[in-house]
Amino acid sequence: MFFLQQNYNGIRETYEEGLSEMKLKQLLNALWIYRYEGNKDNIDIQSVEMDSRLVTKGSAFICIEGYNTDGHQYVKQAIRNGAVLIVAEKEVKSSVPVVYVSDTKRAMAVIANTFYHHPTQALNLIGVTGTNGKTTVTNMIHTIITNQKIKTGLIGTIEMKIGDKVFETKNTTPESLLLQKAFAKMVDEHVETAIMEVSSHALDLGRVRGCDFDIAVFTNLTQDHLDYHQTMEEYEKAKGLLFSQLGNTYGKKRKVAILNADDPVSKTYAKQTTAHILTYGIEHGADIQATNIKMDAKGTTFDVVTPFGNGFVTLKLIGQFNIYNALAAIATTLSYGIPLENILSSLEEMKGVSGRFEVVDEHTPYTVIVDYAHTPDSLLNVLQTTREIVSGRSIVVVGCGGDRDRTKRPKMAQIAVKEADVRIFTSDNPRTEDPVQILKDMESGVEGEDYTTIVNRKEAIFHAVNIAEEGDVIVIAGKGHEDYQIIGSDVIHFDDREVARDAIKEKENGNK
């Protein structure tokens, strides 16, 4: 609830001019099936909220049962703050009218879409899903389209952008109410195209219900979030919802599915969608194909072959995973109608995304890289890329998050041992778990191997920097752009990049 309030308050400061109001009967007509208790007055709804602390005079308050709290417990507080309507799925005591529905999360998506006048129908909406690469791909697409002098919006893991305005985000994909509110603001601000990361949680929990996607992009599927989905099959199904929800007709707006031809899951998603399909890849035949790939510490080059013409690409980014990211962005923006030469010139300008293979440049004889790699596949990609550019040793600092999929912990350790010369295991975001036990879970996969375990993440980073020699590359994996660490219920400031710089300064001062 704390993060949710931060999001709402951050947006509310700029959104006041875009707020709607609506008659009760309009919302009830949209809900269709419900039970109504209270007076029959056609009251004015001034706002819709799911956090009782944000309710003001004229609000409709939707009771959502979450992981940590239940909105049904805050009806009295909502009414005190001015709520004129309660939407609930459990019996509540209320002095204002109550609309009972079977599922308040589903009802919230309907209400949000109706209250904000179905904003995505007025936008070109691009959704990107997959285990890895979502943030980089959405930022690439955003850069390319923005460079065409088209006003864009962006919703993702790192931030939300509406034109040149930037807002902090805490969830990869916000709840449906906040999401529709953001889209409505984009329409008010004359945004033409919105690009968003779409997480498996958001798809499974119905956060994007009512979003009228025009282009859906699939990056890849590897192990992650099994603490929530339980199996890879369920994880795959959740991602597939984005493609099945593109619609089942061929209307005036062309719907396109952008699929990774080198990921076998794409064949399943191709069957699930009625949309036009455009594929990209390196290893297998694809509509958008990368060939003649060359890579060094300064960047990557390759030829790209497409149905819309061919070109030569020079990226400042390195790693095969970034070639896939670029291909996904090329395929997306080609289907959007942007000429290939314009796409490639925009990609060549990009310097990277915060916390994604980001170099901590302090002019040292060794290199420090911070990356968000927190899955087995993403860690493997990063360390294999490091091997291609390192002249000395590769050193990795890596941990695993608490209250998350435990089965990936030994796998992460195995990849670190196999792909790096020096392996340092440490804490990530332990949350409510014992960080020592998390590390034991990692160690169970590499018994008898050579590694160092340092529970304190700061100490682990300092150790890596202190042992680094000329030509070495240090990869600090797992947190990337994050500027916090969650220990127990406490959220403390912690930025891998800042800690690395402090460690470098201390080492350099000690060598003087």
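The values are calculated or read from the model by the stated rules, or taken from the named source; none is laboratory data. Predicted, not measured: the structure shown is a model, and the values here were computed from it. Note that we place each Cβ from the backbone using ideal geometry, even for glycine, and neighbour counts take in every protein chain shown. Surface accessibility is based on the protein's heavy atoms, side chains included, excluding ligands, DNA and RNA. Shrake-Rupley method; radii C 1.70, N 1.55, O 1.52, S 1.80 Å.
Here VAL436 passes the criteria (1) among the hydrophobic types (A, V, I, L, M, F, W, C); (2) farther than 23 Å from ASP483 by Cβ; (3) surrounded by 19 or more Cβ atoms within 10 Å (Cβ to Cβ) except the one numbered (3). Filtering segment 241-279 to residues that are in a loop (DSSP other than H, G, I, E, B), more than 15 Å from ALA328 (Cα to Cα) and among the small types (Gly, Ala, Ser) leaves GLY247, GLY251, ALA275.
Return yes when VAL84 is of a type in the set (Val, Ile, Thr) and open to solvent by 20 Å² or more (accessible area, probe 1.4 Å) and no when it is not. Spelling it out, VAL84 is indeed of a type in the set (Val, Ile, Thr) and open to solvent by 20 Å² or more (accessible area, probe 1.4 Å).
Scanning segment 345-374 for residues that are part of a strand (DSSP E or B), farther than 17 Å from GLY392 by Cβ and at pLDDT below 90 gives a single hit, GLU358. Hey, could you check segment 393-410 for residues that are open to solvent by 20 Å² or more (accessible area, probe 1.4 Å) and touching a Ser or Thr at 6+ places or on another chain (Cβ under 9 Å) and say which is nearest to ASN509 (Cα to Cα)? Step by step, filter segment 393-410, then rank; the result is PRO410. Looking only at residues in segment 123-143 that are open to solvent by less than 30 Å² (accessible area, probe 1.4 Å) and part of a strand (DSSP E or B), the one that is farthest from HIS190 (Cα to Cα) is THR129. Quick one: in segment 159-190, which of the residues that are within 19 Å of HIS201 (Cβ to Cβ) and part of a loop (DSSP other than H, G, I, E, B) is modelled with the highest pLDDT? The extreme case among them is GLU175.
Here LEU344 meets each of (1) surrounded by fewer than 23 Cβ atoms within 10 Å (Cβ to Cβ); (2) in contact with a Cys (Cβ under 8 Å, 6 or more places away or on another chain) with one exception, condition (2).
The set of residues in segment 101-114 being more than 26 Å from the chain's Cα centre (by Cα) and either within 15 Å of ARG207 (Cα to Cα) or crowded, with 18+ Cβ neighbours inside 10 Å (or both) consists of VAL101 alone. Across segment 144-169, the qualifying residues are those that are touching a strand residue (DSSP E or B) at 6+ places or on another chain (Cβ under 9 Å) and more than 17 Å from ALA182 (Cβ to Cβ), and the one among them that is most open to solvent (accessible area, probe 1.4 Å) is THR146.
Find the strands (runs of 3 or more DSSP E) located wholly in segment 415-499 whose residues include 1 or more that are at pLDDT 95 or above and over 12 Å from GLY401 (Cα atoms), and list them. Quick ask: steps written out before the conclusion?
Numbers: elements: 422-425, 473-477, 484-487, 490-493.
Ranges flagged: 422-425, 473-477, 490-493.
Residues in segment 440-453 include at least one that is without any contact (Cβ under 8 Å) to a residue 40 or more places away in the chain and open to solvent by less than 30 Å² (accessible area, probe 1.4 Å).
Scanning segment 197-225 for residues that are of a type in the set (Asp, Glu) and either on the phi > 0 side of the Ramachandran plot or modelled with pLDDT under 90 (or both) yields ASP204, ASP224.
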